[in-house]
Amino acid sequence: MKIIQQIFFILGFYVLGEFLARGISYVIPSIIVPGTLLGMLLLLIALTTKVLKMEAVEDMGAFLTGNMSFFFIPAAVSILEYTDLLAQTIVQIIIVITVTLLLSFLAVAYSVKWTLRIQQLHKQRKDQTHG
Amino acid sequence: MAEFLRSQVVGITLTFLFYIIGVKIYQKTKFPLFSPLIISTLFLIGYIQLLGIELSGFLTDLSGIQLFLGPLVVSLAIPIVKKMDLIKRNFIPIIVGSIVGALVSMGSILILGPLLGLEMDMVYSIVPKQSTTPIAVEVSDLLGGIRPIAVVVVLLTAVIGVVLIPPIAKRLKLSDPVVLGMSLGATAHAMGTAKALEIDPEAGAIAGIALVFSGIATAIIALFL
């Protein structure tokens with residue numbers, strides 16, 4: 001019963017998110033939001049405002065996020081349909097991935113590093129004026 | 001007999017079995033190319049080919065597993081709530097790193113992909129690579145990418161990321177746990193998070209947050225494409 005309830009809550013927020021996403025697209029057709037992300041946002045709000053207790057979804061959530069790659073097996077197997085396409089483009093794909101991965105890694109690393117440094121300087125200055 | 005071996009219950013049981021084997025092999029070897037997803041996928045492809053099972057039928061048999069992809073994204077809210085204190089303490093760096101990383105990744109793919117002669121459906125399957133798989137497939141679907149290609153791309157990205165990032169980070173003397181965690185979590189997702197956890201517990205915790213925020217940033221930026 002406990003697990004059934006947890007599955008219900010997570011499925012429920014997913015359905016709610018999809019429902020909301022469709023509602024938004026209906027009102028403003030140019031906006032297409034992923035319903036799953038809206039569901040996540042709703043669950044986030046429900047948990048932080050304590051409308052929903054963490055215990056009500058915790059185990060099922062840990063099961064899903066802890067075994068994430070398992071749920072992609074069907075999608076990964078369907079690559080069989082695209083073997084020709086993949087064989088033709090795999091070199092380009094790997095080049096694009098590697099180059100853009102290095103760029104985004106450096107972008108993340110240095111933007112975070114500099115943000116931390118600015119925050120630190122800011123804090124030091126604040127401490128000085130208060131000291 | 002052969003009919004039974006092709007049945008849904010055998011297919012699903014083997015899916016679980018191959019995944020368990022994959023996890024065991026990965027735990028033993030820690031070799032990125034032996035990830036549970038890669039191993040179980042290869043085994044299942046072998047099983048399908050060997051018994052001459054039709055792919056579309058097999059995928060219908062496994063549709064119960066696919067059903068959990070949406071709820072999986074929803075449940076990413078849980079680690080966020082649990083790590084709220086850590087997020088509040090590092091809020092600005094997390095936001096900056098996620099947005100800058102997603103922008104640079106998506107922008108550079110949109111430039112480099114067509115330059116190398118890739119068709120747009122291919123490019124759109126690569127564009128969400130800075131995002132964790134469940135959000136990446138969603139973004140790829142919305143943009144008009146090819147879902148299985150998006151899955152393979154995110155997987156390859158994670159494998160290449162965990163191999164390349166730690167040695168480069170070391171050489172560039174990027175040792176701060178927040179910097180390291182953001183780098184690995186944002187670019188190499190769950191696999192990068194596991195790697196960050198091996199290096200430093202705080203970096204691992206930050207990486208787990210980076211993976212979700214990078215996915216959200218990717219989805220939001222994709223709205224404007």
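Over segment B:91-225, the ratio between the Cα radius of gyration and 2.2 N^0.38 Å evaluates to 0.99.
The Cβ shell under 13 Å around residue A:32 holds other residues with a net charge of -2, Lys and Arg each +1, Asp and Glu each -1.
Derived scalar couplings between HN and Hα for segment B:177-182 equal x, 5, 4, 5, x, 4 Hz in order, rounded to whole Hz, by the Karplus curve 6.51 cos²θ - 1.76 cosθ + 1.60 (θ = phi - 60°), x for Gly and Pro. A straight Cα-to-Cα reach below 15 Å connects residue B:129 with the aspartates and glutamates B:121, B:138, B:141, residues fewer than 8 places away in its own chain not being considered.
From most to least packed by mean Cβ count within 10 Å, the peptides B:45-54, B:107-116 give B:107-116, B:45-54.
By the rule of a C-alpha distance below 17 Å, with chain neighbours fewer than 8 residues away ignored, the aspartates and glutamates paired with residue A:2 are A:55, A:58, A:59.
Pairwise Cα distances in segment B:2-67 exceed 17 Å for 41 percent of all pairs.
The mean number of partner chain beta-carbon atoms within 10 angstrom of a residue's beta-carbon across peptide A:7-17 is 4. The aspartates and glutamates within cross-link reach of residue A:53, meaning a Cα-to-Cα straight distance under 20 Å and a gap of 8 or more places when in the same chain, are B:85. For each pair in A:50/A:123; B:28/B:83; A:126/B:170; A:113/B:195; B:83/B:195, compute the distance between the two Cα atoms and list the pairs where it is over 22 Å. A:50/A:123; B:28/B:83; A:126/B:170, as the Cα separations exceed 22 Å there.
Working ranking of peptides B:159-167, B:180-188, B:133-141 by packing, defined as the average number of other Cβ atoms within 10 Å per residue, highest first, is B:180-188, B:133-141, B:159-167. Counting Cβ atoms of other protein chains within 10 Å of each Cβ in B:109-117 and taking the mean gives 4. Gyration tensor analysis over the Cα atoms of segment A:48-131 returns equivalent ellipsoid semi-axes of 41, 29, 7 Å (largest first, whole Å). Remark: segment B:170-225 carries a charge dipole of roughly 220 debye about the Cα centre, counting +1 on each Lys and Arg Cβ and -1 on each Asp and Glu Cβ. Using equal-weight Cα scatterers in the Debye expression, the normalised intensity of the protein assembly as shown in log10 at q = 0.08, 0.09, 0.15 Å⁻¹ is -0.39, -0.50, -1.38. 3J(HN,Hα) along segment B:143-148, derived from phi through the Karplus expression 6.51 cos²θ - 1.76 cosθ + 1.60 where θ = phi - 60°, amounts to 7, x, x, 10, 3, x Hz, with x in place of Gly and Pro. Give me the percent of Cα-Cα pairs in chain B that sit more than 25 Å apart, rounded to a whole number. Within chain B, distances greater than 25 Å cover 45 percent of Cα pairs. Averaged over peptide A:40-47, the number of partner chain Cβ atoms lying within 10 Å of each residue's Cβ comes to 6. Highest-first packing order for the peptide set A:15-23, B:121-129, B:64-72 is B:121-129, B:64-72, A:15-23, based on the mean count of other beta carbon atoms within 10 Å.
We did not get these values from a lab; they are worked out from the coordinates using the rules stated. This structure is a prediction, so every number in the text was calculated from the model and none was measured. As a convention, Cβ positions derive from the backbone with ideal geometry for all residues, glycine included, and neighbour counts pool all protein chains shown.
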